[in-house]
Amino acid sequence: MSTGTVQIALPAKRRRALPGTLVGAIIVLGASLAMAFFPGLFAPYDPTAFDYNAIMQAPSAAHPFGTDNFGRDMLSRVIHAYRIDMQIAVFATTAPFVFGTIVGALVGYVGGWAEALFGRVVDAVITFPFLVLVIAIVSVLGPGLGNMYIAVGVIGWVFYARLVAAEIKIQRRLDYADAARGMGYGHTRIIFRHLLPNAITPAVVYWMTDMALAILLGSSLGYLGLGAQPPAAEWGVLIADGKNFMTTAWWVSVFPGIAIVITGLGFSLAGDALADLLRVNR
Amino acid sequence: MTVPMPGGGLKVRGLTTTFVTPRGRATVVDGISLDVAPGEIVGLVGESGSGKSITLRSIVRLVREPGKVSGQVEWQGRDLMAMSEADLRKVRGAEIAMIFQEPMTALNPVLPVRLQIEENLSAHTTLDRRARRQRALELMNIVGIPAAERRLDEYPHQFSGGMRQRVMIAIALASSPKLLLADEPTTALDVTIQDQILKLILDLRDRFGMSVLFVTHDLGVVAATCDRMAVMYAGRIVETGTVAQVFAEPHHPYTRGLLGSVPRIGAERSMLLSIEGAPPGLIDLPEGCAFHPRCAFATDRCRAERPPLERFAAGREVACFHHRTVAAMAEAA
Amino acid sequence: MREMPLISVEGVSKRFRFPRTASDILTGRPPAAVHALNNVDLEVYRGETLGIVGESGCGKSTLARCLVRLLEPDEGLVRFDGKDISLLRPGERRAFNRRVQMIFQDPYSSLNPRMSVRQVLSEALSVHAMRPKADIPTRITELLGLVRLPADAADRYPHEFSGGQRQRIGIARALAVEPDVLVADELVSALDVSVQAQVINLLLDLQERLKLTVVFVAHDLRLVRHISHRVAVMYLGKVVEISPTEALFAAPRHPYSKALLDAAPELDPSRRTRVAAARGELPNPLDLPAGCLFNTRCPFAFERCFAERPALSARGPAHFAACHLPDFGNPAPETIAAQ
């Protein structure tokens with residue numbers, strides 16, 4: 001007991017255990033990326049080669065996923081589809097994530113009129129079902145992946161911006177934000193150095209979920225003939241190909257469907273893992 | 001803190017509460033013994049994490065899972081620890097009532113206060129409907145709520161913090177308890193309102209001969225309200241005595257440090273007698289005396305052996321090997 | 001003749017408006033507003049510690065935030081070194097921000113959880129160009145030593161510290177820019193008593209060594225009395241009494257100051273009283289009483305108190321109170337106030 005000259009020892013640092021979800025996400029997404037970049041290494045056949053001797057064959061040792069009505073190997077087609085579908089997942093979500101985050105950060109920080117204006121934009125967008133809006137835009141611009149990215153980007157950023165704006169609004173009321181203002185730091189520094197790192201986690205988690213949703217969307221548009229165009233191998237297109245033979249050749253549609261589910265699961269796991277890793281200790 | 005007591009009152013012996021957490025076993029309350037005589041106000045003082053609030057809850061076995069309570073609690077000759085849950089419920093809220101720091105969370109926000117007072121009356125008295133209404137109004141007047149008739153039909157959020165605490169006390173009083181367990185009841189209140197509530201508790205003690213066990217971190221509140229006090233540190237009682245004795249001559253270095261941490265008149269802008277460091281975590285308590293890492297009097301013995309709580313004068317106990325030195329230092333200062 | 005004040009608060013009022021409701025629009029009423037500050041006048045002199053004390057809702061935190069320009073007053077102005085701080089040009093404003101630093105109440109929310117102590121301190125040092133880049137690590141070690149944290153604290157994150165240690169980090173952040181004034185808002189009220197004393201000792205020591213001016217905002221009278229040279233008592237957004245500490249504690253000249261002093265529990269068990277010091281509770285801050293703001297609780301209130309709001313007037317050397325009873329609490333009344 002003294003008048004305060006003793007220095008206080010700090011507790012030992014504790015390391016945080018890696019979340020189990022991260023392992024799952026790395027396995028699923030790692031495999032997905034490998035197939036997207038090097039489909040040739042995994043696919044046993046050329047995905048576009050017709051084989052009229054093997055039309056509509058059920059799964060077998062030679063064709064584990066069976067073949068379609070042109071005798072194309074379904075396993076090879078599903079593997080080659082990874083390239084387009086992973087591309088959709090990344091391309092359709094990254095620009096909205098980046099743009100939406102920046103807009104959301106500014107809206108949340110400025111508040112007032114910016115918030116009111118942004119609120120109207122949100123109202124306008126959420127009035128229409130997302131898919132209907134995207135279909136409408138793609139129909140105007142014309143079918144194809146490029147136009148699909150544009151359509152998704154025009155709408156998708158709003159959801160990221162909304163998440164980030166709400167979180168920034170909470171953070172900017174905390175004392176550390178006032179402390180930064182009291183230090184005389186500039187707005188840009190306060191927003192991007194101080195507030196955003198504490199506000200971005202929900203948007204990052206949503207981004208991962210959104211990648212899974214983008215694959216579903218891409219597949220839906222492919223199915224409707226508005227996204228990737230045949231003969232490109234894309235899961236939605238593959239499912240559409242098989243829809244006429246559903247009762248006689250279920251494998252044509254089912255295996256691409258399973259691929260969608262597994263990849264979607266991978267992104268979900270990645271979202272959970274990131275939420276865990278980015279969680280802040282208070 | 002044990003004083004001979006013919007019948008009645010609260011007698012706690014070796015009360016221990018442990019929690020098993022993922023990081024280890026924590027003994028939050030470690031062998032507490034204390035008595036509260038009828039009509040007496042006893043202060044249980046300590047800082048955050050000292051186990052004072054859990055002690056209070058352990059007495060009436062209101063500790064949530066995974067907490068485990070053991071030891072002896074004798075209330076008017078009956079052992080509360082051995083009682084069935086159903087019998088204990090008849091004691092709780094009836095003979096023994098509790099009030100808390102944040103009355104807003106202890107009150108039901110969607111019921112008018114009249115119902116909440118009458119609910120306690122119907123649970124613990126034989127009054128009929130009419131008499132309950134009458135009694136609810138009386139209780140509101142006793143605790144000093146102005147315009148009681150009108151306010152009975154209001155909801156908790158319509159009351160200020162001080163008024164909510166008065167409502168809590170009115171509910172507690174509904175069953176005419178013989179013991180009030182008060183857990184930091186004034187900590188959330190402003191000082192002029194705290195003053196009113198403390199004076200109210202003193203009046204109620206005089207009027208109804210109630211005993212009060214008063215948990216607080218504020219030594220000023222103890223000085224203003226309590227007859228005897230027990231100081232807790234890291235789950236154990238380290239010093240007991242009458243309030244006048246302990247304030248005049250602290251025997252435990254922690255008590256001395258606590259008293260010295262509070263600014264005193266006539267010593268303005270001087271260094272306070274602070275205690276270095278922070279209270280220990282309950283999972284990795286230091287060996288020996290839990291206070292030794294922060295103690296200027298600590299010797300090898302303190303680091304190896306845990307000092308027991310021992311009587312050294314009439315009504316005084318301390319758990320320190322060097323308490324004579326500590327008291328002599330206080331004398332000299 | 002006293003020296004020029006370093007900070008002067010002149011007639012500052014601050015309202016927090018509620019959003020306009022439908023009934024406001026229909027009836028044409030102005031939207032409801034909390035009157036947090038009502039015409040506050042105050043001066044802070046170089047090198048002193050001014051304590052600002054009051055209960056919740058008295059506006060002390062709002063006033064602290066106006067002093068460092070985290071809030072803009074609705075009326076009146078705050079001068080620093082003679083200049084109105086709302087009129088500062090961007091360059092001057094940055095200098096003002098450097099010279100007047102605030103330390104916050106909540107040790108948990110006042111530090112950015114994603115920045116290590118080193119990042120927090122080096123940001124302050126580099127943005128204000130306090131040291132050349134190469135000297136920053138040395139300065140960080142110095143600053144940590146100044147607030148008595150070990151040097152290995154630098155690479156840790158806020159969650160690794162206890163409440164008291166976090167407040168030390170907050171102080172180190174403020175001191176990094178070598179300010180003239182520290183505004184401490186309830187600096188220790190979230191801490192345990194034994195830890196409070198450590199932080200108070202640190203503040204006293206630093207003030208002596210660095211010749212700081214301190215505005216110490218708190219609800220704890222004992223603490224305020226302990227560290228302040230002068231004390232201002234606030235009630236419902238108004239300074240009701242301001243005086244050198246000893247004069248105020250020896251003989252408060254405003255009924256509210258007296259009630260506040262009497263209500264604070266004495267540390268001496270033998271001086272126990274049984275009479276509550278103040279009756280009633282705070283009036284609704286949305287609907288302040290006419291006349292003196294304390295008239296709903298004041299045992300001495302008379303007609304004038306309900307009609308006219310008293311202004312601060314002199315009671316002794318540097319001692320002012322806002323009360324219509326000039327002899328209230330006067331230790332040596334020469335004449336009975338002639339009504």
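Structural remarks
- Those aspartates and glutamates that a straight Cα-Cα span of less than 16 Å connects to C:Lys133, excepting residues fewer than 8 apart in one chain: C:Glu123, C:Glu142
- Distant-in-sequence amide contacts of C:Arg309, defined by a placed amide H-H separation under 5 Å and a gap of 5 or more residues or a different chain, comprise C:Gly291.
- Only helices enter this figure: runs of n ≥ 4 DSSP H residues, each worth -39500 (n - 2.57), summed and divided by the residues of chain A, yield -22000 deg cm²/dmol at 222 nm to the nearest 500.
- Cleavage-rule hits (chymotrypsin sites (Phe, Trp or Tyr not before Pro)) in the range A:21-97: DSSP loop, at most 15 neighbouring Cβ within 10 angstrom: A:Phe50, A:Tyr52, A:Phe70
- Rounded to the nearest 10 degrees, the inclination of helix B:191-208 to the longest alpha-carbon principal axis of chain B is 70 degrees.
- Between the Cα long axis of helix C:193-210 and the first principal axis of chain C there is an angle of about 80°, rounded to the nearest 10.
- Taking packing as the residue-averaged number of other Cβ atoms within 10 angstrom, the listed peptides B:223-229, C:187-193, C:25-31 run from highest to lowest as B:223-229, C:187-193, C:25-31.
- Screening chain A for DSSP H helices whose Cα atoms reach 24 Å or more along their own axis and whose mean Kyte hydropathy is at least 0.0 gives A:20-37, A:74-110, A:145-172, A:201-224, A:251-278.
- Partner lysines for B:Lys90 [C-alpha distance under 16 Å; skip if fewer than 8 residues away on the same chain]: B:Lys178
- What the Cα atoms of the protein assembly as shown give is an Rg and a Dmax of 34.3, 123 Å.
- Taking a straight Cα-Cα cut-off under 18 Å and skipping sequence neighbours fewer than 8 places away in the same chain, the aspartates and glutamates within cross-link reach of B:Lys11 are B:Asp30, B:Asp35, B:Glu40, B:Glu74, B:Asp79, B:Glu95, B:Asp227, B:Glu239, B:Glu310, B:Glu317.
- For the set A:Lys169/C:Lys14; C:Lys211/C:Lys238; C:Lys14/C:Lys83; C:Lys83/C:Lys211; C:Lys14/C:Lys258; B:Lys52/C:Lys258, the pairs lying more than 31 angstrom apart at their alpha carbons are B:Lys52/C:Lys258.
Just so you know, all these numbers are worked out from the coordinates, no wet-lab data involved. Keep in mind it's a predicted model, so treat the numbers as computed, not measured. Glycine also receives a Cβ, built like all others from the backbone with ideal geometry; neighbour counts cover every protein chain displayed.
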